[in-house]
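Comments concern the structure below.
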Amino acid sequence: MQLFRILQSQGLGSRRDCRDLIRRQHVLCDGVLVTDPEQEFDCENLRFSVDGQAYRYRQYAYLVLHKPAGYECSRQPRDHLSVFSLLPETLLNRAVQCVGRLDQDTTGLLLFSDDGRFIHTHTSPKKQIGKTYQVTCKHPITPELVEQLLAGVQLHDEPAPLPARQCRALSEYRLELVINEGKYHQVKRMLAAASNRVESLHRCGIGGYVLPVDLTVGAWKWLAPDELAALKIGPENDPPPSPKS
Ligand code: URA
């Protein structure tokens, strides 16, 4: 592919911007200065730098953000900051989208991608990809509450009761819940339907992938191939239970 097209595909600007960057000697490919925007390169494994900032060619962007509270999953937020303000311009230029949404006050694992098939797979309830939440409740957690959530609770506008795929108490007020769907305010509505109330909500896993402990609040990172594989589908890939605390 021609170098200016590669740069454009990686979010470095318009076609014209990318041609200019190359002509004005801002771009090295595999450590060598390139000044011809039309020079052809094999994209696979290509490493390049722009003004000293290193990049690796990626056909699609797959990344994870540790979402802080107080951020909306929207490009045009109404009342809070946007999660997109935590990403660099190159990713915004690539038009990455949130893979599912979290409420503004929910923290934890939020995926982004510009791969439509990946987004569809991870947002379709049919694919049965478990989303794991740690919930702090207003009222103590009883065995009956856990049983009720596992058996299914009826939510308004739902044709049938929605069961949790897994549910267990972590402490007197905290529980861990795995759900297949990603319906609007689902966890909050499920707890309310079971006569409790969510005080705080944190998503810690999707499929078999667990939010890395070293990804600090507000930080993002590219997903490695083994992490993408861990996002796979099905109960056999549910994350291992987290330690009680
Ligand atoms: N369920 C909710 O109620 N809120 C979220 O942010 C995610 C799941």
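Taking 0.36 nm per residue of sequence separation and removing the Cα-Cα distance, the Asp30/Glu172 pair yields an extension gain of 45.6 nm. Largest first, the three principal axis extents of the alpha carbons in the range 10-57 are 24, 20, 17 Å in whole numbers. When the Gaussian network model of the chain links Cα atoms closer than 10 Å, the mean-square fluctuations of Thr132, Thr123, Thr35 top out at Thr35. Based on Cβ point charges of +1 for Lys and Arg and -1 for Asp and Glu, what charge dipole magnitude is obtained for the range 3-56 about its Cα centre, in debye rounded to the nearest 20? Here the range 3-56 has a charge dipole of around 220 debye.
Nonpolar atom fraction for the chain, defined as the carbon and sulfur part of the 1.4 Å probe accessible area, stands at 49 percent.
Within the range 92-150, the trypsin sites (Lys or Arg not before Pro) that combine a DSSP coil assignment with at most 13 other C-beta atoms in a 10 angstrom radius are Lys138. Given their separation in residues at 0.36 nm each and the Cα-Cα distance between them, Arg23 and Leu92 gain 22.4 nm when the chain is fully extended.
Springs between Cα atoms under 10 Å define the GNM used for the chain, and in it the highest mean-square fluctuation of Ser124, Ser74, Ser49 occurs at Ser49.
For the chain, how big is Rg over Rh, using alpha carbon atoms and the Kirkwood form of Rh?
Working: Rg = 21.3 Å, Rh = 19.9 Å.
Taking Rg over the Kirkwood Rh, I get 1.07.
Taking only Cα atoms and a 10 Å spring cutoff, compute GNM fluctuations for the chain and point out the largest among Cys18, Cys167, Cys98. Per the Cα network of the chain with a 10 Å cutoff, Cys18 tops the list.
Might you tell me the accessible area per residue for the range 3-56, computed with a 1.4 Å probe and given in Å²? If you can, show how the numbers build up before the last one.
Numbers: 3300 Å² over 54 residues.
The answer is 61 Å² per residue.
Which pairs in the list Lys127/Lys232; Lys67/Lys127; Lys67/Lys221 are over 18 Å apart, alpha-carbon to alpha-carbon?
Numbers: Lys127/Lys232 10 Å; Lys67/Lys127 24 Å; Lys67/Lys221 12 Å.
Going by Cα-Cα distance, Lys67/Lys127 fall outside the 18 Å limit.
Taking every alpha-carbon pair in the range 121-199 and binning the separations at 10 Å intervals from zero gives 20, 57, 21, 2 percent. What you get for the chain, charging only the Cβ of Lys and Arg (+1) and of Asp and Glu (-1), is a dipole of about 340 debye around the Cα centre.
Taking θ as phi - 60° and the Karplus parameters 6.51, -1.76 and 1.60, the scalar couplings of the range 60-72 work out to 10, 9, 10, 9, 10, 10, 8, 6, x, 5, x, 10, 9 Hz in sequence order, x denoting glycine and proline.
For an R0 of 35 angstrom, estimate the FRET efficiency from the Cβ-Cβ distance between Gln76 and Lys221 and round to the nearest 0.05. Don't jump to the answer; show the numbers that get you there.
Details: r = 25 Å, r/R0 = 0.73.
Using R0 = 35 Å, I get an efficiency of 0.85.
For the chain, adding -39500 (n - 2.57) for each run of n ≥ 4 DSSP H residues and dividing by the number of residues yields -5500 deg cm²/dmol at 222 nm. Once backbone amide H atoms are built at 1.01 Å from N, Leu162 has Val153, Gln154, Leu155 as its partners under 5 Å, excluding neighbours fewer than 5 places away on the same chain.
Beyond 22 Å, what percent of the Cα pairs of the range 44-166 remain? Don't skip to the end; give the middle numbers.
Values: 3935 of 7503 pairs.
The calculated P(r) of the range 44-166 puts 52 percent of pairs beyond 22 Å.
The values are calculated or read from the model by the stated rules, or taken from the named source; none is laboratory data. Quantities reported herein were computed from a predicted structural model and do not represent experimental measurements. When we count neighbours, we look across all protein chains shown, and the Cβ atoms used for this are built from the backbone with ideal geometry, even at glycine. Remember, those area values only see protein heavy atoms, side chains included, never the ligands or the DNA or RNA. Shrake-Rupley method; radii C 1.70, N 1.55, O 1.52, S 1.80 Å.
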